[in-house]
Structures are given as C-alpha cells and as structure tokens.
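Colleague: So that we are looking at the same thing, I have put the structure below in structure tokens.
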Amino acid sequence: MSVMDTALRESLKTLRLSGMLETLDARLAQAHGGELGHLDFLQVLCRDEITRREAVAFERRLRKAKFEQQVTLEGFDFNASPKLPAAQIRDLAALRWLHAGESVILFGPVGVGKTHVAQALGHLAIRQGANVRFAKTSRILAELAGGHADRTWDRRMREIARPDLLILDDFAMRQMTAPQADDLYELISERQGRSVIITSNRAPSDWYPLFPNPVVAESLLDRLINASHQVIMNGPSYRPNKRPKNPTDKPPTS
C-alpha cells in the first residue's frame with residue numbers, strides 16, 4: 001500500500017465516507033488496470049458512498065416501521081383465492097394514493113391477508129423513501145391513553161402522527177370508549193393530508209355504531225372513508241398456506 005493510498009484511506013475515515021472505504025481496493029485495482037480514468041474513479045467512489053447511505057437509511061426506516069413481519073407484495077400469493085382483488089391491489093402498489101395523501105382501507109374476514117398486504121404496501125413506501133409506522137389500533141390507543149395519565153399526550157401524539165404513512169391494523173375490533181374515540185379523532189385530524197392504511201374485519205359502514213358519540217363518528221369516519229381506496233378482501237384464509245407443514249401430516253387420500 002502506497003503512502004498516497006494510506007492518506008486517502010485516512011481522509012475517507014475522517015470524512016465518514018465508509019462506502020468509499022469499503023470498495024476502495026476494488027476501485028483502485030480498476031484504476032490501476034486502466035478501467036477507470038481519474039473522473040470515472042471519483043464518480044464510481046461517490047456512487048458507492050451514495051449506495052451505502054441509501055441502504056443504511058432504508059434499514060433504519062424499516063426498523064422504525066415496527067412491522068410484525070418483513071413481507072412484500074412480491075411474496076404475496078394472489079392465487080390463494082380467486083376472489084382477491086389482485087388488479088386493485090397491484091394498482092395500489094404504484095403508490096399514487098400515497099403521493100396524493102389519500103388512504104387505503106383493507107377489509108374482509110379474518111385471515112385473508114389484509115395485514116400482509118398492508119405491511120407490503122408499507123414496505124414499498126419505505127423503498128421510495130417514506131417514513132412508515134405499523135401498529136395495532138389498540139396499541140396506538142393505549143399509547144395515547146398513557147399520555148393522558150403521565151401528561152405526555154402531546155409528545156406521543158406528535159410522534160404517532162409524524163410518519164408519512166401510518167398503518168392501523170385491526171381497526172374497529174370492538175366498541176370504543178369516549179376518550180378512545182376522541183383520541184382517534186385527534187390523530188386523524190392531525191394527519192390531515194397524510195396517508196393511512198387501515199385493516200379491519202368489519203366493513204366501513206359497520207364502524208359507526210362502535211363510537212359512543214355519533215357526531216365524533218360522523219366527523220372522523222367521513223374524513224377516513226371519503227378520501228380512501230376501499231379494498232374488499234374475501235375468500236378462504238390465507239394463513240394455512242403460510243403455516244409450516246407438519247412432517248407427520250399424511251397426504252389426503254383420493
């Protein structure tokens with residue numbers, strides 16, 4: 001290693017350009033072999049650093065999303081049920097709704113793959129540089145309730161409302177209390193103009209009776225439903241297809 005190479009390595013460390021540092025030997029070999037000119041050498045090293053930073057940022061956004069599973073739309077089995085609206089879901093994968101600040105409601109019976117699709121759309125959003133948070137709706141409401149108790153409600157609300165995309169899983173599972181309904185109203189109001197994905201076992205028309213105050217229900221749900229793409233997911237359970245096979249299971253007899 002020449003003195004110049006050593007000095008260059010030290011400079012890259014000082015500037016925290018580890019992407020360049022990791023590929024420096026390979027790029028130097030290309031330069032010494034005549035494959036890269038001076039400007040090409042610099043440009044390729046810069047691209048190495050950009051690639052590393054993009055990968056680090058992607059992994060950071062992925063961790064912050066707190067997905068239950070790392071799933072993708074490419075890994076979703078649309079053949080599991082002919083009733084699934086595959087064309088509509090694939091159209092949502094273009095994320096035009098996200099850029100427009102619109103929302104998505106995925107509803108249907110238990111086990112048809114709503115949570116998988118919601119997380120997969122979130123994964124696509126992260127690939128495009130968006131900040132995403134996934135959570136059970138009950139967990140979000142519990143966090144906000146805790147904020148009332150310890151006087152951190154404003155901070156908690158800001159943190160929950162901050163992401164470009166918020167995914168509320170298992171929405172409208174049960175009757176809400178008045179404080180829960182009020183917190184949910186504030187959250188959706190705070191996120192005005194930013195996208196939400198909701199998964200629910202109930203159709204949106206069945207959500208209204210779950211709110212103790214009809215006025216709050218009307219105001220909140222109008223905001224959610226009227227600016228959303230509604231996807232009815234129906235068919236047999238998707239979960240058995242993902243369940244590990246028991247080695248003792250016998251094939252069905254004809």
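The values are calculated or read from the model by the stated rules, or taken from the named source; none is laboratory data. If you're wondering where the values come from, they're calculated on a predicted model, not measured in any experiment. For neighbour counting, all protein chains shown are included, and Cβ atoms are generated from backbone atoms with ideal geometry for every residue, glycine included. Note: accessible area is taken over every heavy atom of the protein model, side chains too, but ligands, DNA and RNA are not part of it. Shrake-Rupley method; radii C 1.70, N 1.55, O 1.52, S 1.80 Å.
Colleague: Filter region 180-205 for residues that are of a type outside the set (Ser, Thr, Tyr), open to solvent by 60 Å² or more (accessible area, probe 1.4 Å) and touching a helix residue (DSSP H, G or I) at 6+ places or on another chain (Cβ under 7 Å) and give the result.
Modeller: 180, 182, 186, 190
Colleague: Looking at (1) modelled with pLDDT of 95 or more; (2) over 25 Å from residue 159 (Cα atoms); (3) under 15 Å from the mean Cα position of the chain (by Cα), which is the only condition residue 91 fails?
Modeller: (3)
Colleague: Separate question: Among the residues of region 18-49, which ones are touching a helix residue (DSSP H, G or I) at 6+ places or on another chain (Cβ under 7 Å) and within 30 Å of residue 120 (Cα to Cα)?
Modeller: Passing the criteria: 19, 48, 49.
Colleague: Considering only residues that are assigned to a helix (DSSP H, G or I) and open to solvent by less than 10 Å² (accessible area, probe 1.4 Å), which ones fall in region 105-156?
Modeller: If the condition is that a residue be assigned to a helix (DSSP H, G or I) and open to solvent by less than 10 Å² (accessible area, probe 1.4 Å), then 117, 118, 119, 120, 121, 122, 125, 126, 137, 140, 144, 147 are the ones that fit.
Colleague: Go through region 202-251 and give me each residue that's farther than 27 Å from residue 88 by Cα and at pLDDT below 90.
Modeller: Answer for region 202-251, where residues must be farther than 27 Å from residue 88 by Cα and at pLDDT below 90: 244, 245, 246, 247, 248, 249, 250, 251.
Colleague: Quick check on my filter: what residues within region 102-143 are in contact (Cβ under 8 Å) with a residue 40 or more places away in the chain and of a type in the set (Asp, Glu)?
Modeller: 102
Colleague: Looking at the structure I just gave you, is residue 159 open to solvent by 50 Å² or more (accessible area, probe 1.4 Å) and not in a strand (DSSP E or B)?
Modeller: Considered against the rule, which asks whether it is open to solvent by 50 Å² or more (accessible area, probe 1.4 Å) and not in a strand (DSSP E or B), residue 159 comes out as yes.
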